[in-house]
Amino acid sequence: MKKALGNVFIWIIYLILYAPLLVMVFFSFNEGRSTSVFTGFSLKWYEELFASRDTMTALQNTLVLAVSSAVIATILGTAAAMYMYYLRNRAWKATMKTVTNIPMMNPEIVTGVSMMLLFVFIGRLLGADNSLSFGTLLIAHVTFNLPYVILNVLPKLNQTDPHLAEAAQDLGSTPMQAFVKVVMPAVIPGVISGFLMSFTMSLDDFVISYYTTGSDFQTLPLKIFAMTKKTVKPDMYALSSLIFITVLVLLLIINISQIRQEKKNASK
Amino acid sequence: MKKRSFAQRIAGAPYILWAALFIVIPMAIVVYYAFTDANGQFSFDNIKQLADYKETFLISFEYSFIATVITLIISYPFAYLMSKKSAASQRIMMMLVMLPMWMNLLIRTYSWMNILERNGIINNFLEQFGIEPLKMIGTPGAVIFGMIYNYIPYMIIPIYNVMSKIDKSLLESAEDLGSNGLSKLRRVILPLSMPGVISGFTMVFVPSVSTFYISQKLGGGKVMLIGDAIERQMQTSYNYNLGASLSLVLMIVILISMIVVNRFAGDDDLLI
């Protein structure tokens, strides 16, 4: 009885969690223009979506931004994690950790506003009228992605036995060789999950992008925001359903690779 | 330990430069804007103007506090029940909790608007039974609901994480020592899961108190939160100085609450 009650509770929570997603997928197939009255099944909004140049440009922009910001953040972040791992000055290490945490602890709107003000300030110094562009958006995305890379890589480094690298060096390899051959393989899973996390964070970001992009560069979340200011047609739901499926596939890849990793570790 | 190689010494340089330029300096610029006027002259005007926003601040904190408490009340038993399932179902349940988070918040919120609005899905359904339409959008309840809905995974995940790590033998020994279900919960599980509760609390409270989209859509333009006030100054009125002073207050208040919370949580539960 108690158990059944618990299960009912769990199902209700899941139902609420998924209600808006079901509504979204369902109404993306609506024949009419409404997103709350279903009149018949149709794929026309998906067709319209792919025919829309605006949307395709936004999609392309989003992907370009997500890939480039994730790549830059992964390189910078992995190097930083490596540096922090070998760092012996405790106060400096603590400072670096605190600064790394700032973008994660600050409300997104504050991060967005603070970066926007920086860009506006520098723009004014340089005498530019509008300093916000793809470049500023990229900087903002790299900045909020960096903590995720470091948070994924640093624990992996901490788990590796420092004596292994030392042993490699004792056996005649240079510090660089010891790093590439001993430390690197152990941190690769962290680097990959840091990259994937950055990629999805960037794909999904609205608030920070909203404050740091220029009028000439629109990403999908920004386009969705502009669309939801008016009454929305089901094409936006079609678009979101597609994004959702993309993210779902990415998540599955991350999960499966984690399960594999765990199995590998367990069999060792 | 071996001496650090040259590569190991300079590996952090690009990040340090980046963090200084794009994390630390922007914070300083917010302070600079908050204390200057449009011409760059030192001024207290923006700080004085904050008095007009007292109500907004109070409402924001009240709504997000209520939302966070309700989220906790729902999430705690949920995480507890989840931690009792088999390992395989735990993994699936966890993924199902995280999945909606990866759907853009704007869409999820807009979709709720479709469900709750005057001519929305719920009211259409009720109409068929001849029931008067309910007014849901534009009420504080809808905004609070939006906060709970959007951020509940941030509460479930940390609580579940600590609960699943509780040593089973501790629970067994509590039983051996005569604890019944309730006292086991109160004296063993609850204290051990506190770090998860605390980090969940901040992870729900911070985005709730600073949201502007949820209040815009589900509040039907009738509820103004601090996030809305900042957004208006930055994107509509272009009064960056006032926007900066509002952001500064939000930042300071959150920083203080973090310090207080961290004190309860012990050293490094929230940080790396």
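Quick notes on this structure:
- Residue count for the stretch A:174-206, restricted to those that are within 11 Å of another protein chain (Cβ to nearest Cβ) and either of a type in the set (Ser, Thr, Tyr) or loosely packed, with under 15 Cβ neighbours inside 10 Å (or both): 5
- The residues in the stretch A:205-221 that are closer than 20 Å to B:Ser247 by Cβ and not aromatic (Phe, Trp, Tyr) can be counted, and the count is 6.
- One residue stands out among those in the stretch B:24-75 that are in a loop (DSSP other than H, G, I, E, B) and over 27 Å from B:Gln216 (Cβ atoms): the one that is nearest to the chain's Cα centre (by Cα), which is B:Phe35.
- Any hit, the stretch B:111-133, residues being closer than 16 Å to B:Thr71 by Cα, of a type outside the set (Gly, Ala, Ser) and at the interface with chain A (Cβ under 10 Å from one of its Cβ atoms): no
- The stretch A:24-62 - residue that is among the β-branched types (Val, Ile, Thr) and touching a residue at least 60 places away in the same chain (Cβ under 8 Å) and, of those, surrounded by the most Cβ atoms within 10 Å (Cβ to Cβ): A:Thr35
- Filter result (within 12 Å of another protein chain (Cβ to nearest Cβ) and of a type in the set (Gly, Ala, Ser)) within the stretch B:183-214: B:Ser199, B:Ser208, B:Ser210
- Any hit, the stretch A:147-160, residues being among the charged types (D, E, K, R) and either touching a residue at least 40 places away in the same chain (Cβ under 8 Å) or within 29 Å of B:Ser210 (Cβ to Cβ) (or both): no
- Scanning the stretch B:224-253 for residues that are aromatic (Phe, Trp, Tyr) and within 23 Å of B:Val24 (Cα to Cα) yields a single hit, B:Tyr240.
- Test: residue in the stretch B:22-30 that is away from chain A (no Cβ under 11 Å) and at pLDDT 90 or above: no
- Residue that is nearest to A:Thr35 (Cα to Cα) [pool: residues in the stretch B:68-91 that are more than 10 Å from chain A (Cβ to nearest Cβ) and of a type outside the set (S, T, N, Q)]: B:Ile70
- Subset of the stretch A:89-133 that is facing another protein chain (nearest Cβ under 8 Å) and not in a helix (DSSP H, G or I) - its residue that is surrounded by the most Cβ atoms within 10 Å (Cβ to Cβ): A:Asn106
- Residues of the stretch A:141-172 classified as more than 8 Å from every other protein chain (Cβ to nearest Cβ) and either touching a strand residue (DSSP E or B) at 6+ places or on another chain (Cβ under 8 Å) or among the hydrophobic types (A, V, I, L, M, F, W, C) (or both), total: 8
- Filter result (more than 9 Å from chain A (Cβ to nearest Cβ) and either surrounded by 24 or more Cβ atoms within 10 Å (Cβ to Cβ) or not in a helix (DSSP H, G or I) (or both)) within the stretch B:227-240: B:Ser237, B:Tyr238, B:Asn239
- Evaluation of B:Gly146 against the conditions (1) within 17 Å of the chain's Cα centre (by Cα); (2) at pLDDT below 90; (3) within 12 Å of B:Lys217 (Cα to Cα) shows that the sole unmet condition is (2).
- For the stretch A:190-214, residues that are more than 28 Å from A:Ser257 (Cα to Cα) and more than 14 Å from the chain's Cα centre (by Cα) total 5.
- Under the condition of being in a loop (DSSP other than H, G, I, E, B), small (Gly, Ala, Ser) and in contact (Cβ under 8 Å) with a residue 60 or more places away in the chain, the residues counted in the stretch B:126-182 number 1.
- When B:Ile122 is tested against the conditions (1) farther than 30 Å from A:Ser28 by Cα; (2) part of a helix (DSSP H, G or I), the lone failure is (1).
The values are calculated or read from the model by the stated rules, or taken from the named source; none is laboratory data. These figures come from a predicted structure and were not determined experimentally. Neighbour counts run over all protein chains shown; Cβ positions are idealised from the backbone, glycine included.
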